[in-house]
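Read the structure below first, then the notes.
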Amino acid sequence: MPVEEVTLTARFKVDLTDVDESAISEIYRLFEEYKEIVNGLLELAARNHITSFVELYHARYHELRQRYPTLPSHYVVNACRHAASIYKSFIKSRRRSVCKKDRPTFRGRAIWLHRQVFRLDVEGWRASIAVHGGRWIALRLLHGEYHERFRGMELGEARLVLGDDGNLYLNVVFFQMVMLPEVGADAKVIAVDINENVIVYGNEDFVERFETNEGIIRSRYFLKRRRIRSKVRGKELQRKLLEKYRGREWNRVREIHYKAAKKIIDKAVAAGATVIVMEDLEVYKENKGLRELNGRVHRWGYGKFQRILEYQAKLHGLNVKYIDPKNTSSICPVCGGKLNPSQNGRRLVRCQRCELEEDRDVIAVKNLVKRYYEEYASAKTSQTSF
Ligand SMILES: [Zn+2]
């Protein structure tokens, strides 16, 4: 049985009501100094074109230790790591000419917390953060049902985040080792086809639909953002509003994604399936010429949903396999004939050869299932022919 590591990020709001003022000002001091350090490192990185963490670390660590002698050293180490990562993604976005600036600036809204500078008590939902001079500050974490799943998982790194709403958040990475069933010709599978407004899933026995209306929600927020850009005066206010709506949009879509993932996993478990089959979207990115994929590549929501479904599935002991989706909506899953739009309905397609008439989403699901088994059948024959 293959063993895999699944990681999940938990987001906690920090309850600051019982925290005394000196502790709060210590935390703000941490944000200020961390921001100073990272921005200093970014300046150095941009000047000398340094993208490596190790190089930044060697260039500045001792100097920074002297300048901030009471700050736990792990903050300096992580600031180097953080700066290297910001500079790397800056270079990338400049290469794609998304960014016109000559060097990146760090707004200082997040601190990467090394495992040595924070503790988490999952039983009492409390965190402690190391600040200046060896002092630890205890923080109560607001938690809900959603956080229960993290009990019993291994603790990874964390980030302390100053939200635009003025609240303090702690984002913690958890991981868990999971045993997964084999992906192969004997497995029962459920294929999942993701569309703009609906997710369709099933196998040879059944096909179901989950209406996400994601496309509709996204267009609505797109219009909202356009209105903000044209109507709201003041760059700072505009940025804040845009960020707020982007956050709301993503929260809404994410909630729907989780619901859809749960529905599919429950169904898979009930049907005795052990593998979830999805389209490999990387293929789309590589073959930009394919007509079928028009516009699909840019719908980043597909990838986000796939990641949610993948780790949720793995946490539930299901394996995940990605399949090349080329032609899955244009070829008949029964006879391999070419499909044409049907006169009997907008979403229906019809096979020229065997006259099968079916919803195009159902076709995609059946073709993904078929292709999955073809892949393993051919793997078997090529093995035995040796
Ligand atoms: Zn056919």
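If you scan region 73-101, which residues turn out to be small (G, A, S) and either assigned to a helix (DSSP H, G or I) or surrounded by 21 or more Cβ atoms within 10 Å (Cβ to Cβ) (or both)? Hits for region 73-101 are S73, A79, A83, A84, S85, S89, S93.
Quick one: count up the residues across region 135-162 that are part of a loop (DSSP other than H, G, I, E, B) and surrounded by 13 or more Cβ atoms within 10 Å (Cβ to Cβ). Qualifying residue count for the region: 3.
When we screen K262, K288, K244 for residues that are at pLDDT 95 or above, among the basic types (K, R) and surrounded by fewer than 17 Cβ atoms within 10 Å (Cβ to Cβ), the only hit is K262.
Taking the listed residues A187, A191, the one that is touching a strand residue (DSSP E or B) at 6+ places or on another chain (Cβ under 8 Å) and either in a loop (DSSP other than H, G, I, E, B) or on the phi > 0 side of the Ramachandran plot (or both) is A187, with no other qualifying. Starting from residues that are over 30 Å from the mean Cα position of the chain (by Cα) and free of Cβ contacts under 8 Å to residues at least 24 places away in the same chain, keep the ones in region 21-43 and report whichever is surrounded by the fewest Cβ atoms within 10 Å (Cβ to Cβ). The residue in question is E21.
For the condition crowded, with 20+ Cβ neighbours inside 10 Å and closer than 18 Å to I27 by Cα, L64 does not qualify. Of everything in region 109-134 that is assigned to a loop (DSSP other than H, G, I, E, B) and surrounded by 14 or more Cβ atoms within 10 Å (Cβ to Cβ), the residue that is farthest from the chain's Cα centre (by Cα) is V131. For region 30-88, a tally of residues being acidic (D, E) and either touching a Gly at 6+ places or on another chain (Cβ under 9 Å) or modelled with pLDDT under 95 (or both) returns 2. Within region 176-215, the set of residues being loosely packed, with under 14 Cβ neighbours inside 10 Å and under 17 Å from E310 (Cα atoms) comprises M177, M179, E182. So in region 181-220, with the set limited to residues that are hydrophobic (A, V, I, L, M, F, W, C) and in contact with an Asp or Glu (Cβ under 6 Å, 6 or more places away or on another chain), which one is farthest from Y322 (Cα to Cα)? Selected residue: V198. Considered as a group, the residues in region 338-367 that are in contact with a Leu (Cβ under 8 Å, 6 or more places away or on another chain), in contact (Cβ under 8 Å) with a residue 12 or more places away in the chain and not charged (D, E, K, R) include one that is farthest from the ligand (Cβ to nearest atom), and that residue is S342. The set of residues in region 360-374 that are surrounded by 15 or more Cβ atoms within 10 Å (Cβ to Cβ), modelled with pLDDT of 90 or more and not small (G, A, S) comprises V362, I363, V365, K366, N367, L368, V369, K370, R371, Y372, Y373. Does region 321-334 contain any residue that is within 16 Å of the ligand (Cβ to nearest atom) and free of Cβ contacts under 8 Å to residues at least 24 places away in the same chain? The answer is yes, given that some residue of region 321-334 is within 16 Å of the ligand (Cβ to nearest atom) and free of Cβ contacts under 8 Å to residues at least 24 places away in the same chain.
The values are calculated or read from the model by the stated rules, or taken from the named source; none is laboratory data. The structure displayed is predicted, hence computed values, not measured ones. Quick reminder, even Gly has a Cβ in these numbers, built from the backbone with ideal geometry, and neighbours come from all protein chains shown.
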